[in-house]
Amino acid sequence: MLEEILNRTNEAYRLNGLGLIQKIPTPITPVDMNRQRQITLAYFEKKSTVDYIGTVQGIPVCFDAKECAVSTFPLQNIHEHQIRFMREFEAQQGIAFIILYYTAKDEMYYIPFREVDRIWRRMEAGGRKSFTYEEITKDYPIRRKGEYLCHYLEPLARDLSERQGTSGKTT
């Protein structure tokens, strides 16, 4: 469901001239296929980077989509190569973030990479290997129960403004 909502959102942004975001397919090598030519067994060719990449109103963006069924999100669901990619992306003046979908609550949140990185570094320093719903959901809700799209443009603009030390809204 998360990918479907994100794909609808990204298509709406494209149709309205607000952004061009594409889903990055995970490279796989099929091992076995059934008679309908559907892949029944495959392996990953290499580590993927993030789920989505593109530009929003001239700003390069990349993000990964994650789901969580409970109120504690284990950091093992984010891979080190993804953290490394998002750090490098931001070093090139892009904006990286995670969209986290709490399935039991049917809520989505925009998590700026600086927050993800702070929590990741906390883990590397021997701290918690997870974060809680309360820890990251207070600032950036992007979808509430039952909505058709997730609205990440406003938190993206806030994220950019905070990074630049200015205030502003998207158009």
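The values are calculated or read from the model by the stated rules, or taken from the named source; none is laboratory data. Owing to the predicted nature of the structure, the values given are computational and were not obtained by experimental measurement. With ideal geometry, Cβ positions are generated from the backbone for all residues, glycine too; neighbour counts draw on all protein chains shown.
General observations
- Residue 117, sole failed condition from (1) within 21 Å of residue 6 (Cα to Cα); (2) surrounded by 14 or more Cβ atoms within 10 Å (Cβ to Cβ): (1)
- Filter result (in contact (Cβ under 8 Å) with a residue 40 or more places away in the chain, part of a helix (DSSP H, G or I) and more than 16 Å from the chain's Cα centre (by Cα)) within the range 83-132: 123
- Hits in the range 1-24 - residues which are assigned to a loop (DSSP other than H, G, I, E, B) and either at pLDDT 95 or above or closer than 20 Å to residue 66 by Cα (or both): 1, 24
- Inter-residue pairs, beta-carbon under 9 Å, first closer than 16 Å to residue 3 by Cα and modelled with pLDDT of 90 or more and in the range 47-75, second among the small types (Gly, Ala, Ser) and surrounded by fewer than 17 Cβ atoms within 10 Å (Cβ to Cβ), 6+ apart: 53/94; 62/94; 68/104; 69/104
Residues checked against (1) buried (at least 19 other Cβ atoms within 10 Å of the Cβ); (2) within 15 Å of residue 134 (Cα to Cα):
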site: 57; (1), (2): no, no
site: 62; (1), (2): yes, no
site: 70; (1), (2): no, yes
site: 85; (1), (2): yes, no
site: 91; (1), (2): no, no
site: 97; (1), (2): yes, no
site: 100; (1), (2): yes, yes
site: 105; (1), (2): no, yes
site: 110; (1), (2): yes, yes
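- Residue in the range 151-165 that is under 18 Å from the mean Cα position of the chain (by Cα), part of a loop (DSSP other than H, G, I, E, B) and at pLDDT below 85 present: yes
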